[in-house]
Amino acid sequence: MTLLVQAVVNGLQMGFLYALVAVGLTIIWGLMEMINFAHGEFLMLGMFGAWWLSATLGLDPLLGMVPIGLAMYGFGVLVYRQLMRRVQRGDPFTQIFATIGLLFLLQNGVVAGFTSDYRFVQDSVLTRLSGAKLQVAGITLGVPLMLAAALALVLFMALYLLIDRTEFGVALQATSEDREAAMLVGIAPQRMFAVAWGLGAALVAVAGAILANFFAVYPQVGLQFTVLAYAIVALGGFGSILGTLLAALLIGVVQSVTVVYLPPAFKDAFVFGSYVLIGLLRPQGLFGRF
Amino acid sequence: MRNGLIALTALAVLLTSTLVGQRVAPAANVTEVLIGSVLPLTGNFAALGQQYQWAAQTVEDIVNNDYPDLQVPLGPGKGFPGLGGAPMKMIIRDDQSRGDLARTIVEQLISVNKVHFINGEGTSGTTSLLQPVLESAGIPMACHACASPTLTEKGFKWFWRTGPNDKTMVASVFSFLKEWREHGGPGDLKTIALFTCDNLFCQDNRKVATDLAPKAGYQIVLDLTTKTGATTLASEVQRLQAANPDVLFSVQYPAETVVFENDAKRAGWLPKVIATSNGAYSDETWLQAQKKTNGAAGWLGRDPTAIDLVHQRPSWQKVNQIYKKYSHGLNMGELAMREITGLLWMVDVINRAKSVDPAVLQKTANETNMGPEQLIIDYKGIRFENGQNVLATGVVTQVGWDGEKHTVWPWDLAAKANFKPVFPNPSWQERDSKPKPAS
């Protein structure tokens, strides 16, 4: 029984990290319904930024995520204005190929600039705490993962308030639902899309800065998280911020519990199996609306 | 009639000599020796690919420049003496860690670039896809760092491997674990867990370990195959903890090894011995990073060479100086050493053959009998049986508290290294509290 409870707790802790990765995609794909296959590369840039600031300036990733977030906001806006605004008018396939192209451009650009070596953030607050843990009724809770989970919750809360409780958020939702109608009430859709891309890129880069404390940093690191992020956003329901958080926790728990009882090969099979199951029973996702 | 026979014989001789002349390129006609190298410079295996690239650049430098004191094949003098001083051109292509692309590139290297020898691909999985292409084209190919035993067990006539295969290297680990107790090691190690990733390389290691562990007196209490690119291994660590093996045999790449370390540290678990086969243990960046945390102290693994002793060889030091010109100052790791050793063998074959004709190269390669004095690595030499160098050996090393690898097996080399193995595997608390080599 302890084994199962520990697995659930481990899964919840990982789920918060997954939620961090998916939060940016919630805006770009979930809310604005634009496809971004380079999402993992934005995460990778955030990880590299955290490593670089830490290695060269000694800046802890928890502080480094502020300039990284700001820089990546600008980068996200730039990507929208120079690339996505043009392909947005075309077929959805154009978005797919444009962002796949962006994926390879960013990944190979980093390979050219930094080589493919594995890099490691060291001497940061979270890495120094790597062995710290709390024991509650025989269950172990890792302190660094708990801090990361708290950061994820703060980011989600901020995003939820921004989207659901501010005029800007309402304008963003209106643009997503009906661009022409939004224009009639004075909303500039292009500006809304640009801000959404900026926010999405900034959030996933901040997630990357936090994840750099837990994972090796290398140019191809984004892919394994991108696949999970897409499953999480779809599972949670398009446009639902709360749904994304709960889906991330669910996926973390499914991954963790599966491996306790079955060969690890079933880990992802069950994750995507649960996505298929929910897709059959509730195609709009757990908290999505048609 | 007699005149007719003489005329026919003369014609036959003339035709034969013309045909032979076309097939065997005379040494004087070779203006450049072309070696094609298909490598994973981007994609999942890029970290390996770039070491191979630096190794290739190093060998091109050695061949094309004069290093009078460098006692390796083609070190002194410029170019190939056997081919009138022809220089070497290495054509390096990136396959993005994709087997399908590697195949296309190799076809282009053969038909468009007309290369004389192919080197690649550095990973066993992709190399196995390339072997049939080279076999049907009749062009020699070698992969020196590929360790899957199956590559030289299919009967291919155009493939050679100078490095040891996984059977040899994993056998080294189990020989050490078996013999350790007779050489002052612990006598209570009885159980083992296998913890391997899911690709060809890891699974080949797993199969060999599954066979050898019981023979070495170890009961396998858990056999876990994990997904390459795993984002968490917490539940796997839980299962390992529950199985409580004395020895963990881990074959994982650096990214997954870091995930494992974080999860094991959170769980507060480590076995008495961690034995590895390649993966993170062969990655210089992982090893260097561990010096800041004592993370690798006590880990042991197989290596193709006694890396602590080989540094004393003058030829190693000189080749390392050249290698560092291309590697941004990084020393040669064991992967680079295997690759450079193999590439130097390739250029030696071409030079001895005095020809770039494939059939002559094939014959010369098979006739190789190179002594250890010409190598920068401590194989017993190079001699082939079915394309496998039967003199390639494996050693077992262990990372000490200084963050460096020390030879612990075979016992004669271990005596020279004079290192007392770290046992039992230090706890996480001990790792945290001890001084770190890099701090």
For the stretch B:192-203, name all the residues that are within 15 Å of B:SER250 (Cβ to Cβ) and in contact (Cβ under 8 Å) with a residue 40 or more places away in the chain. B:ILE192, B:ALA193, B:LEU194, B:PHE195, B:THR196, B:CYS197, B:ASN199, B:PHE201, B:CYS202
Residue satisfying all of: in the stretch B:176-216; within 14 Å of chain A (Cβ to nearest Cβ) and in a loop (DSSP other than H, G, I, E, B); nearest to the chain's Cα centre (by Cα) among these: B:ASN199
When you look at A:THR226, is it over 14 Å from the mean Cα position of the chain (by Cα) and buried (at least 23 other Cβ atoms within 10 Å of the Cβ), yes or no? no
By residue number, the members of the stretch A:169-189 that are touching a Pro at 6+ places or on another chain (Cβ under 7 Å) and among the hydroxyl-bearing types (Ser, Thr, Tyr) are A:THR175
How many of the residues making up the stretch A:109-129 are without any contact (Cβ under 8 Å) to a residue 60 or more places away in the chain and either within 7 Å of chain B (Cβ to nearest Cβ) or hydroxyl-bearing (Ser, Thr, Tyr) (or both)? 1
Can you tell me which residue within the stretch B:237-277, out of those that are more than 29 Å from the chain's Cα centre (by Cα), within 24 Å of A:ILE251 (Cβ to Cβ) and of a type outside the set (Gly, Ala, Ser), is farthest from the other protein chains (Cβ to nearest Cβ)? B:LEU240
Residue ID - farthest from B:GLN321 (Cα to Cα), chosen from residues in the stretch B:349-388 that are small (Gly, Ala, Ser) and in contact with a strand residue (DSSP E or B) (Cβ under 9 Å, 6 or more places away or on another chain): B:GLY387
Residues satisfying the stated conditions in the stretch B:102-155, i.e. within 28 Å of B:ALA171 (Cβ to Cβ), of a type in the set (S, T, N, Q) and not in a strand (DSSP E or B): B:THR123, B:SER124, B:THR126, B:THR127, B:SER128, B:GLN131, B:SER148, B:THR150, B:THR152
Looking at the stretch A:145-155, can you tell me whether even one residue there is within 22 Å of B:GLN429 (Cβ to Cβ), within 12 Å of another protein chain (Cβ to nearest Cβ) and crowded, with 21+ Cβ neighbours inside 10 Å? yes
Residue list for the stretch B:42-100, restricted to those being in a loop (DSSP other than H, G, I, E, B), polar (S, T, N, Q) and either within 14 Å of another protein chain (Cβ to nearest Cβ) or crowded, with 22+ Cβ neighbours inside 10 Å (or both): B:THR42, B:ASN44, B:GLN96, B:SER97
Output for the stretch B:217-236, where each listed residue is surrounded by 24 or more Cβ atoms within 10 Å (Cβ to Cβ) and either more than 9 Å from chain A (Cβ to nearest Cβ) or without any contact (Cβ under 8 Å) to a residue 12 or more places away in the chain (or both): B:SER235
Applying the selection to the stretch A:248-285, what residues are in contact with a helix residue (DSSP H, G or I) (Cβ under 7 Å, 6 or more places away or on another chain) and either without any contact (Cβ under 8 Å) to a residue 40 or more places away in the chain or closer than 20 Å to A:MET34 by Cα (or both)? A:THR258, A:PRO264, A:PHE266, A:LYS267, A:PHE270, A:SER274, A:GLY285
Just one of B:GLN317, B:GLN312, B:GLN321 is over 24 Å from B:TYR52 (Cβ atoms), more than 14 Å from every other protein chain (Cβ to nearest Cβ) and surrounded by fewer than 23 Cβ atoms within 10 Å (Cβ to Cβ); which is it? B:GLN312
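Conditions tested, residue by residue: (1) at pLDDT 95 or above; (2) among the aliphatic types (A, V, I, L, M); (3) crowded, with 24+ Cβ neighbours inside 10 Å; (4) assigned to a helix (DSSP H, G or I).
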residue: A:GLU33; (1), (2), (3), (4): no, no, no, no
residue: A:PHE37; (1), (2), (3), (4): no, no, no, no
residue: A:GLY40; (1), (2), (3), (4): no, no, yes, yes
residue: A:LEU43; (1), (2), (3), (4): yes, yes, yes, yes
residue: A:ALA50; (1), (2), (3), (4): yes, yes, yes, yes
residue: A:PRO67; (1), (2), (3), (4): yes, no, no, yes
residue: A:GLN82; (1), (2), (3), (4): no, no, no, yes
residue: A:ARG85; (1), (2), (3), (4): no, no, no, yes
residue: A:ARG89; (1), (2), (3), (4): no, no, no, no
Just one listed residue, out of A:ALA247, A:ALA212, A:ALA265, A:ALA231, is aliphatic (A, V, I, L, M), within 30 Å of B:THR42 (Cα to Cα) and modelled with pLDDT of 90 or more, and it is A:ALA212
Of the candidates A:GLY239, A:GLY288, A:GLY273, the one satisfying the condition of being surrounded by fewer than 24 Cβ atoms within 10 Å (Cβ to Cβ) and assigned to a loop (DSSP other than H, G, I, E, B) is A:GLY288
I'm trying to understand the selection: among the residues of the stretch B:405-439, which are in a loop (DSSP other than H, G, I, E, B), among the charged types (D, E, K, R) and away from chain A (no Cβ under 14 Å)? B:LYS420
For the stretch A:204-222, how many residues meet the condition of being within 23 Å of A:MET146 (Cβ to Cβ), within 14 Å of another protein chain (Cβ to nearest Cβ) and part of a helix (DSSP H, G or I)? 4
Given the conditions (1) among the charged types (D, E, K, R); (2) farther than 25 Å from B:THR231 by Cα; (3) more than 21 Å from the chain's Cα centre (by Cα), report the number of the one that A:GLU33 does not fulfil. (3)
From the list A:ASP164, A:ASP178, A:ASP123, which residue is surrounded by fewer than 16 Cβ atoms within 10 Å (Cβ to Cβ) and at positive phi? A:ASP123
Scanning for something touching a residue at least 12 places away in the same chain (Cβ under 8 Å), within 13 Å of chain B (Cβ to nearest Cβ), within 23 Å of A:VAL8 (Cβ to Cβ) and not small (Gly, Ala, Ser), does the stretch A:232-245 turn up at least one residue? yes
Of all helices (runs of 4 or more DSSP H) fully inside the stretch B:285-397, the set with 1 or more residues that are of a type in the set (Ser, Thr, Tyr) and under 19 Å from the mean Cα position of the chain (by Cα) is B:314-326, B:334-353
Suppose the filter is within 13 Å of chain B (Cβ to nearest Cβ) and without any contact (Cβ under 8 Å) to a residue 24 or more places away in the chain; does A:ALA137 pass it? no
Quick test of your reading of the structure: B:PRO245 fulfils all but one of (1) touching a Ser or Thr at 6+ places or on another chain (Cβ under 6 Å); (2) assigned to a loop (DSSP other than H, G, I, E, B); (3) at pLDDT below 95; (4) not polar (S, T, N, Q). Name the failing condition by number. (3)
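The values are calculated or read from the model by the stated rules, or taken from the named source; none is laboratory data. Please read these numbers as outputs of a predicted model, since none were measured by experiment. Positions of Cβ are generated from backbone atoms using ideal geometry, with glycine treated the same way; all protein chains shown enter the neighbour counts.
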